[in-house]
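Structure, as structure tokens:
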Amino acid sequence: QVQLVESGGGLVQTGGSLRLSCAASGYGFSRFGMGWFRQAPGKEREFVARITWSTGSTYYADSMKGRFTISRDNAKNTVYLQMNDLRPEDTAVYYCAAAGSRAATYVSEFDYWGQGTQVTVSS
């Protein structure tokens, strides 16, 4: 069983930055690919980015490239999402997830989920 705990969300003004953290624990979590998703009110959960623990290889949704950066700290068992130049349309609950496939991008491919952290961007 893998446990994921997100933190770092909050209220920020347009153009501001936030760094989200996802602390992972449990058996075998380092074998998984890690991803960030977000879900705005009334919308489907949306893929943001993913990273592998072993190589640090990253992949982003096209719309997230340039402003968002995913990274990991193996010593701390933590994955991060650095978000810059935030806009009101970035307002959502952000979720961390773990997938058995290191190439996963779909919600259905991820096996474990955190509880989510709210990000609100004011205009």
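Want the number for S57 to T14: 0.36 nm per residue separation, take away the alpha-carbon distance, what's left? List each step's numbers first, then the result.
Values: separation 43, 0.36 × 43 = 15.48 nm, distance 2.94 nm.
Here the segment from S57 to T14 would lengthen by 12.5 nm.
Of all beta bridges that DSSP places with both ends in the chain, some 90 percent have antiparallel geometry.
Where the eigenvalues come from the Cα gyration tensor of the chain, what are the semi-axes √(5λ) of the equivalent ellipsoid, largest first, in whole Å? Working shown, then result.
Values: eigenvalues 103, 39, 36 Å².
Over the Cα atoms of the chain, the ellipsoid semi-axes are 23, 14, 13 Å.
Taking only C-alpha pairs under 8 Å that are 6+ residues apart, what is the relative contact order of the stretch 1-60 in percent? It would help to have the intermediate numbers written out before the result.
Details: 79 pairs, mean separation 15.0, N = 60.
This gives 25 percent for the stretch 1-60.
At a probe radius of 1.4 angstrom, the accessible area of the chain per residue rounds to 50 square angstrom. Rounded to the nearest Hz, the phi-derived 3J(HN,Hα) couplings of the stretch 99-115 under the Karplus curve 6.51 cos²θ - 1.76 cosθ + 1.60 (θ = phi - 60°) are 10, x, 8, 7, 10, 6, 9, 8, 3, 5, 8, 9, 9, 10, 9, x, 7, where x marks glycine and proline. Between V107, V48, V79, the GNM of the chain built on Cα springs shorter than 10 angstrom shows V107 fluctuating the most. Distant-in-sequence amide contacts of A49, defined by a placed amide H-H separation under 5 Å and a gap of 5 or more residues or a different chain, comprise W36, A61. Annotation: extensible slack from A75 through Y27 equals 15.7 nm (criterion: 0.36 nm per residue apart, minus Cα-Cα distance). Keeping the other protein chains in place, figure out the carbon and sulfur percent of the accessible area of the chain, with a 1.4 Å probe. Carbon with sulfur: 47 percent of the solvent-accessible area. Averaging the Cα positions of each part gives two centres, and for the stretch 103-123 and the stretch 22-36 these lie 14 Å apart. Extension gain, K65-E109: 0.36 nm per intervening residue step, less the Cα-Cα distance, totals 13.7 nm. With θ set to phi - 60° and the Karplus curve 6.51 cos²θ - 1.76 cosθ + 1.60, what are the ³J(HN,Hα) couplings of the stretch 28-43 in order, to the nearest whole Hz, using x for Gly and Pro? Karplus-based 3J(HN,Hα) across the stretch 28-43 equals x, 4, 5, 7, 8, x, 10, x, 10, 10, 9, 9, 8, x, x, 10 Hz.
Can you tell me which of T14, T78, T69 moves the most in a GNM of the chain? Springs connect C-alpha atoms under 10 Å apart. Top of the fluctuation ranking is T14. Exposure check, 1.4 Å probe, all protein chains in place: S54 carries approximately 70 Å² of accessible surface.
The values are calculated or read from the model by the stated rules, or taken from the named source; none is laboratory data. In this text the structure is predicted, and so the values were computed from the model without any measurement. Accessible surface areas use protein heavy atoms only, side chains included; no ligands, DNA or RNA. Shrake-Rupley method; radii C 1.70, N 1.55, O 1.52, S 1.80 Å.
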